[in-house]
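Written out below as structure tokens is the structure these notes cover.
The values are calculated or read from the model by the stated rules, or taken from the named source; none is laboratory data. Here the structure is a predicted model, which means the values were calculated and not measured. As a convention, Cβ positions derive from the backbone with ideal geometry for all residues, glycine included, and neighbour counts pool all protein chains shown.
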Amino acid sequence: MKSEYLRYVQRFLDLGVTEREAKVYIELLSKKQFTSSELQKSAGIPRTKIYEVLLKMINRGICIERQLGKVKFYEAVEPRKAFRKVLEDYQNNFQYEIEKKNKIAEDLAKVFSRVYDKNKNLSAPLEYVEVIKDRAHAQLKILEAFRNSKSEALYLIKGPYICDTSNRLKQQVIEEKKMLKRGVTCKKIYEFKELHDEEFIIDQFKPLAKLGSKLRVTDSIPVKMVVFDNDLVIFPLQDEILSPNDLTLISVQHKEMVSACKILFNFMWHNAKPLKI
């Protein structure tokens, strides 16, 4: 019985009734009426706290106080009425809190909207440039650019590669396929030597070419880069001094820079040779 009693006390707590109120209410249900001293003993409530608990229960509407002569007796309110009153109080308090928080939010919005409007057009120096050293983070940045591309993706490609594992290569191929299926134009220029030395690159060409990816080769590529639409260019730059196999990815979201890079790409595309697969 003790475990069942504790379980029901917990249900009262879930309803929003305190543990002492729950114990007193359960005791009140066991007979018609109690004196405060009887409740204090049977419910195990400290003598100094029993009147405080009973007053809260009376105010909640789950307990009734009656007086016969000089003695006060306490009775439980019928459970359905008592619990309905607890819920009504909860709803009223909840509504009050919502209205209070709405008022606070409105007041804060009035103050800080002026700050936002004043500063939203201020640009931080080089906020359009992002530098990424970590290869995993760089991979995520490139995949994000694939997903956001709407019209074209122009590649100048040579190693070392961000997709230095089969899993990363697979992720890029999957996203490029999705990009091609959306109607995005994909053009790539590789170095002749690169295709000869890195045979794994050839494996990805056929399925992408079938979906419309256009491939060309040239003798030398001056810089690795991918241009997306008219507003983003990504440079995976090689650290030729300290560690030639490490890459630093620089992402630039700047229309004039993108325009200059597209001029370079189109010049090289015009002079490159189509790759036959």
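Quick notes
- Scanning region 132-151 for residues that are farther than 21 Å from K181 by Cα and charged (D, E, K, R) yields K133, D134, R135.
- The one condition from (1) assigned to a helix (DSSP H, G or I); (2) touching a helix residue (DSSP H, G or I) at 6+ places or on another chain (Cβ under 8 Å); (3) closer than 16 Å to K85 by Cα that V17 does not meet is (1).
Yes/no matrix, rows are residues, columns are (1) in contact with an Asp or Glu (Cβ under 6 Å, 6 or more places away or on another chain); (2) under 22 Å from Y5 (Cα atoms); (3) in the same structural domain as Y8 (by TED's automatic domain parsing):
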residue	(1), (2), (3)
V24	no, yes, yes
Y51	no, no, yes
M57	yes, yes, yes
C63	no, yes, yes
V71	no, no, yes
Q95	no, no, no
I98	no, no, no
N102	no, no, no
E106	no, no, no
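- Scope region 87-141; condition in a helix (DSSP H, G or I), within 30 Å of S251 (Cα to Cα) and modelled with pLDDT under 80; matching residues: V115, Y116, D117, K118, N119
- In region 50-93, of all residues being β-branched (V, I, T) and touching a Lys or Arg at 6+ places or on another chain (Cβ under 9 Å), the one that is farthest from Y8 (Cα to Cα) corresponds to I50.
- Region 10-66, subset among the β-branched types (V, I, T) and surrounded by fewer than 19 Cβ atoms within 10 Å (Cβ to Cβ), residue nearest to the chain's Cα centre (by Cα): T18
- Wholly within region 212-277, strands (runs of 3 or more DSSP E) carrying at least 3 residues that are at pLDDT below 90 and surrounded by fewer than 14 Cβ atoms within 10 Å (Cβ to Cβ): 243-252
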